[in-house]
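Reading through the structure tokens given below for one structure.
The values are calculated or read from the model by the stated rules, or taken from the named source; none is laboratory data. This is a predicted model, so every value here is computed, not measured. Cβ coordinates were reconstructed from backbone atoms using ideal geometry, including for glycine residues, and neighbour counts include every protein chain displayed. Heads up: the accessible areas ignore ligands, DNA and RNA and are worked out on the full protein's heavy atoms, side chains in. Shrake-Rupley method; radii C 1.70, N 1.55, O 1.52, S 1.80 Å.
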Amino acid sequence: MFGYIVRRLMTAFLVVVLVSMVTFTLFFKGPSDPASALCEETGGRCTAAELNSIREQMGLNDGLVVNYSRFVKGLFVDREMYYQGEQMCEAPCFGISYGSRQPVTPQFVEKWPATVSLAVGAVLLYVIIGMTLGSLAARFRGSFFDRAVVGVATVITAVPYYVLALVAWIVLVLQLSIFPETGYHPFTDSPVLWASGLLLPWVVLAFAYAPANMRYMRGYMVESLGEDYIRTARAKGMSQQGVVFKHGLRAAIVPMTTIVGLEFAVLLAGTVFTEFLFEIDGIGWWSINSLGNPIDFPVLNITGTAAAVLIVLGNLIVDLLYAVLDPRVRLA
Amino acid sequence: MTAIDDSFLPADPSTSKGGPVLVVDDLTVRFPTHDGLVQAVSGLSYTVEKGKTLGIVGESGSGKSVSSMAVLGLHDPRSTRMSGSIKVNGAEVIGASEATMKRIRGNEVAMVFQDPLTALHPYFTVGSQIVEAYRLHHNVSKKVARARAVEMLDLVGIPQPDRRVNDFPHQFSGGMRQRAVIAMALVNDPGLIIADEPTTALDVTVQAQILDLLQSLQREFDSAIIIVTHDLGVVAEMADDVLVMYGGRGVEFGPTKDVLTRPSMPYTWGLISSVPDVHERSDQKLIPIPGTPPSLLNPPAGCAFFPRCAHKDKVGGDLCETELPEFLPLAGNPAHLKRCHLHDPEQIYVDEVAPEIFADASEKLEN
Ligand SMILES: Nc1ncnc2c1ncn2[C@@H]1O[C@H](COP(=O)(O)OP(=O)(O)O)[C@@H](O)[C@H]1O
Ligand SMILES: [Mg+2]
């Protein structure tokens, strides 16, 4: 078990390194040039000499390998960086944002709680709704309730997410004002404001994710309810509720954990459209805003790396959970 | 095997009611499907006396499992049509409330299924599944139930039961799992155990052990057993009575000895000639039954076995093809019933069938 985790962590590490190298290379070789944008900004005309001196100061003339090693070094030791003047970038340094002109690491730390709050609330909500409806639909398979739930789920799934979110926002916030203004307020400042500002995005995300979740849950429950051990449980004299919600559910939980775990990892890496629409100042919105001209590479770099870490770790955790939940699985 | 605690033995036998544990009368089980109505069981009647063993034999698809599961009310009422009567210790099962069924299931009638690999829940320990079965019918603490589970595992021959009780099913071998399933079935000391092909999924070497175990436990618990099988050898060894099923119907019923020595309808003859060793005569010739089992969607109007019957010519006219034979006692043996138009099947068996089955033996004798 321990050996397995160490090995998995090593592969995870390699994957993250690879992702970061590819991101770095794509940017460095790509068309977006932070130096020329800066140069044009400073004073009307940008001569070749000026541009070159800015590139020199930013270190862009030194080539990919040198730049990447500087970046890696900056993850461990504080680093002097130039972008319109010298700045100290504290380790772990992912660079200085071309937009805010501040080191991105502290900004990431500041913005991530909003994304985490959004993800946690949404996941809790849709897992409860999806798994409850899914197991009930399986329990009453073929009934009107089952058909209604599956039908509604199909309709919701057919609507693109941005339409769903936009309509919810326009109708519920702008027209009917049922929901409070959305936005992020730190939990530590005011739990009430925190919850009220996130309420609608939670609901909308849950609304979007619950149908698929319900279908998975229903499918796994139908599968487990058809197993021989369910018949055994009934033959023992167990009530139908006991059979479904103890023996059936116990088996369906295992694959559901995998699905929800991976979805959660993706949500933690930032929900771009939701954060943008509901003005949640999290890393999803942050990274979409970084796609201007020039591309705010340090922001993309840190959010991209974070996403890679989250997904790789999410996979590992999900696999470990699987082994905990399924006694037949031995990790080796 | 160790002796069990007295408290776990059945209560004083004299307190239990007389009469049969199970009376099935004119049972019909049908499944409406997209292709039509599957007539899985039709007009089935049989009786199991207290402490006795009934063997149910028949080809696969003949309705053995469907009729057995009906006894426990395990068919989904939404997709099953049932009629007739099933009485467990006098209580009607068909149409019974869920509460009645919960009391009967596992408590008065327990089931041992065919495949012990899938019959146990993979995510719960063997012990917890036995504990659960016990606590469903006994208001005792988990600790008491666990002690009972250990005792039961010991009884069915699981080594180190106090340790193995915490194992998950996958840590048990196939034979051990079936032992555990038997322990679970017996934990509430039911009056009737239905074992649906309990050894089919097991290694040949393990099969005999499991059957021996069932028999010795039957003596210890004084419970009746229905053993469903397609192996006449098992019937010969274990059963007091035997019911032969064909196409969802009973076609021959009687004391095992009578049915095996004087089988009275051609399908039973076919069964006897297609399995080795019923009479422990290894020189017996194996003759498979030609043809295929009848469709349950469009069952033939007359005798279901008619298309495969080698003796239909001996019945006058087209009786076999058009008229379903009734399930009637043989002349001179009211306990032995057959569903066949042949007038004197006994004579045909003695004159024609038996010599053919045991031809090799007689050839050897002649030489
Ligand atoms: N739930 C069901 N729906 C439709 N047909 C069924 C169902 N269960 C069993 N059958 C059919 O009933 C027949 C008898 O099955 P079964 O009792 O399992 O046979 P066996 O004698 O081998 O145990 C088979 O043809 C089977 O396909
Ligand atoms: Mg069967």
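Data for the structure
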{"item": "Normalised contact order of the stretch A:159-199, rounded percent, pairs of Cα under 8 Å and 6 or more residues apart", "result": "29 percent"}
{"item": "Per-residue HN-Hα couplings for the stretch B:198-213 [Karplus 6.51, -1.76, 1.60; θ = phi - 60°; Hz; x = Gly/Pro]", "result": "x, 10, 4, 8, 9, 4, 4, 5, 7, 3, 4, 4, 5, 5, 4, 4"}
{"item": "Geometric extent, Cα atoms of chain B - Rg, Dmax (angstrom)", "result": "21.6, 71"}
{"item": "Beta bridges by DSSP in the protein assembly as shown, antiparallel share as percent, to the nearest 5", "result": "65 percent"}
{"item": "By accessible area with a 1.4 Å probe, ligands and nucleic acids excluded, highest first: order of B:Ile348, A:Ile288, B:Ile272", "result": "A:Ile288, B:Ile348, B:Ile272"}
{"item": "Modelled FRET efficiency - R0 22 Å, A:Asn293 with A:Leu262, Cβ distances, 0.05 increments", "result": "0.05"}
{"item": "Extended-chain gain in nm, criterion 0.36 nm per residue less alpha-carbon gap, A:Leu51 and A:Ser239", "result": "59.9 nm"}
{"item": "Probe 1.4 Å, accessible area per residue of the stretch A:33-93, Å²", "result": "59 Å²"}
{"item": "Karplus (6.51, -1.76, 1.60) ³J(HN,Hα), θ = phi - 60°, over the stretch A:321-332, in Hz, Gly and Pro reported as x", "result": "4, 4, 5, 6, 7, 10, x, 7, 7, 10, 7, 8"}
{"item": "Length released on extending from A:Gln84 to A:Glu223, taking residue separation times 0.36 nm less the Cα-Cα span", "result": "43.9 nm"}
{"item": "Taking only Cα atoms of the protein assembly as shown, radius of gyration then Dmax in Å", "result": "36.5, 122"}
{"item": "Heavy-atom surface of chain B, accessible at 1.4 Å and reported per residue (Å²)", "result": "44 Å²"}
{"item": "Sulfur and carbon atoms: percent of accessible area, chain B [1.4 Å]", "result": "52 percent"}
{"item": "Charge-dipole axis of the stretch B:207-347 as Lys and Arg at +1 and Asp and Glu at -1 on Cβ define it, positive-most pick from B:Ser295, B:His336, B:Ala224", "result": "B:Ser295"}
{"item": "Long-range lysine pairs (8 or more apart or interchain), chain B, Cα under 22 Å", "result": "22"}
{"item": "Label-point separation, B:Ala331 to B:Asp189 (7 Å along Cα→Cβ), nm", "result": "4.9 nm"}
{"item": "Sum of -39500 (n - 2.57) over DSSP H runs of 4+, divided by residues of the protein assembly as shown (222 nm, nearest 500)", "result": "-15500 deg cm²/dmol"}
{"item": "Added length on full extension, which subtracts the Cα-Cα distance from 0.36 nm per residue, A:Glu279 to A:Leu321", "result": "11.7 nm"}
{"item": "Per-residue average of Cβ from other chains inside 10 Å of B:110-118", "result": "3"}
{"item": "Area of A:Met10 that stays accessible when all protein chains are in place (1.4 Å probe, Å², to 10)", "result": "120 Å²"}
{"item": "Rg/Rh for the stretch B:149-278, where both radii come from Cα atoms and Rh is the Kirkwood radius", "result": "1.03"}
{"item": "Rel. contact order, % - alpha carbon contacts under 8 angstrom, at least six apart, chain B", "result": "18 percent"}
{"item": "Unit charges at the beta carbon, dipole of the stretch B:131-185: most positive-side option, B:Pro159, B:Val144, B:Met176", "result": "B:Val144"}
{"item": "Computed accessible area, A:Thr303, all protein chains, 1.4 angstrom probe, square angstrom", "result": "10 Å²"}
{"item": "Unit charges at the beta carbon, dipole of the stretch A:86-210: most positive-side option, A:Ile170, A:Leu133, A:Leu205", "result": "A:Leu133"}
{"item": "Charge dipole (debye, nearest 20) of the stretch B:90-147; +1 at Cβ of Lys and Arg, -1 at Cβ of Asp and Glu", "result": "360 debye"}
{"item": "5 Å-binned pair-distance histogram of the stretch A:158-228 (Cα, whole percent)", "result": "3, 15, 17, 17, 13, 11, 9, 7, 5, 2, 1"}
{"item": "Heavy-atom accessible area, 1.4 Å probe, ligands and nucleic acids excluded: residues of the stretch B:164-204 down by at least 40 Å² from chain alone", "result": "B:His170"}
{"item": "Diffusion constant of the stretch B:62-174 at 20 °C, which comes from Stokes-Einstein with the Kirkwood Cα-pair radius and 1.002 mPa s, µm²/s", "result": "135 µm²/s"}
{"item": "Shape box of the stretch A:82-173 [Cα atoms, principal axes, largest first, Å]", "result": "69, 27, 20"}
{"item": "Cα pair distances of the stretch A:107-325 binned at 10 Å [whole percent]", "result": "8, 28, 31, 22, 9, 2, 0"}
{"item": "With Cα atoms, 0 to 90° folded angle of helix B:174-186 axis to chain B main axis", "result": "80 degrees"}
{"item": "At least 40 Å² accessible surface lost relative to isolated chain, residues of the stretch B:123-146 (1.4 Å probe)", "result": "B:Tyr123, B:Phe124, B:Glu132, B:Leu136"}
{"item": "Point-charge dipole on Cβ atoms (K/R +1, D/E -1) for the protein assembly as shown, about Cα centre, debye to 20", "result": "1260 debye"}
{"item": "Under the Karplus curve 6.51 cos²θ - 1.76 cosθ + 1.60, θ = phi - 60°, whole-Hz ³J(HN,Hα) for the stretch A:259-266, x wherever Gly or Pro sits", "result": "5, 5, x, 5, 4, 4, 4, 5"}
{"item": "Accessible carbon and sulfur surface of chain A relative to its total accessible area, %, 1.4 Å", "result": "68 percent"}
{"item": "Debye log10 I(q)/I(0) for the stretch A:1-114, one point scatterer per Cα, at q = 0.11, 0.12, 0.17, 0.22 Å⁻¹", "result": "-0.46, -0.53, -0.96, -1.35"}
{"item": "Estimated buried accessible area (total), pair A and B, 1.4 Å, Å² to nearest 100", "result": "2300 Å²"}
{"item": "With 10 Å bins from 0: P(r) over the stretch A:33-93, alpha-carbon pairs, percent", "result": "23, 46, 26, 5"}
{"item": "Projected label distance in nm at A:Arg70 and A:Val15, using a 7 Å step from Cα toward the beta-carbon", "result": "3.1 nm"}
{"item": "Nearest-0.05 FRET efficiency for B:Ser274 and B:Ala310, computed from C-beta distance (R0 22 Å)", "result": "0.95"}
